[in-house]
Every structure is written in structure tokens, then in C-alpha cells.
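A short worksheet on the structure shown next.
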Amino acid sequence: MEILVKPKAEGNREAVRDYEFFLSTFPHLSFLAMGLEVARQAADLRAAYRLRPPEAIQMATALVHGATAFLTNDKKLKPVNELKVLILDDWLPVD
């Protein structure tokens, strides 16, 4: 959802198609339906950490489906204890 917002707002249909193609063919990436279990977990995360809905849904989906780590560049997610939050900038060399 989040990756498509900007190109859709700008009317950039080619970028939308490119992103959808890339995401749908990326190895080892799955799209999972959001059910009641994910909704409950997302609500728990929002209540505990004051997360925004997109981050809560993503992290809840990861938890419900057995992930142990969450890769992001959003340092505001670091306090979440249910997953090991890996900050991408911490793993990339600085120029």
C-alpha cells in the first residue's frame, strides 16, 4: 500500500505498474491477507507503542506469520519488543 501512494497521487501509472511487477515477482516475498488475528495483534501494537496503522499492520503480520525480525529504516519502531527491529542504516556502510 505505502509504496504505491506517491505514484498514484502523482498519476504516474508507469511507476505503479513497475512497482506492482517488482513486488509481485520479488523472490521470497509473499502478500498475505489481513485476518482477525492480524487485526488484533495490530491493535495490541498500536495500543502499546502508539504506532501508525500501516506500521502496526506490517509488524502484526510479521508476528502472526512467525517472523522474528523486522527490517526498516524507521527508528521510531525500535522500542517494539515483540520483534527484533533491524534498522537498515545500521547495516549499510556510511559514505
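The values are calculated or read from the model by the stated rules, or taken from the named source; none is laboratory data. Only a predicted model underlies this, so the values are computations on that prediction, with no experimental measurement involved. Cβ: placed from backbone, ideal geometry, glycine included. Neighbour counts: every protein chain shown.
Below are the figures for this structure:
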item: Residue list for segment 16-59, restricted to those being in contact with a Lys or Arg (Cβ under 8 Å, 6 or more places away or on another chain) and not assigned by TED's automatic domain parsing to the domain that holds D74; result: V16
item: Candidate set from segment 1-31 (those that are of a type in the set (G, A, S) and closer than 18 Å to Q58 by Cβ); member that is nearest to the chain's Cα centre (by Cα); result: S30
item: Number of the condition not met by R50 [criteria: (1) modelled with pLDDT of 95 or more; (2) on the phi < 0 side of the Ramachandran plot]; result: (2)
item: Residue satisfying all of: in segment 58-86; of a type in the set (V, I, T) and under 13 Å from the mean Cα position of the chain (by Cα); nearest to D44 (Cα to Cα) among these; result: T61
item: Members of segment 64-77 found to be surrounded by 13 or more Cβ atoms within 10 Å (Cβ to Cβ) and more than 21 Å from M34 (Cα to Cα), listed by number; result: D74, K76
item: Residue pairs meeting the criteria (Cβ under 6 Å; at least 6 apart or on separate chains; first surrounded by fewer than 16 Cβ atoms within 10 Å (Cβ to Cβ), in segment 34-60; second in a helix (DSSP H, G or I)); result: E37/V64; P54/E2
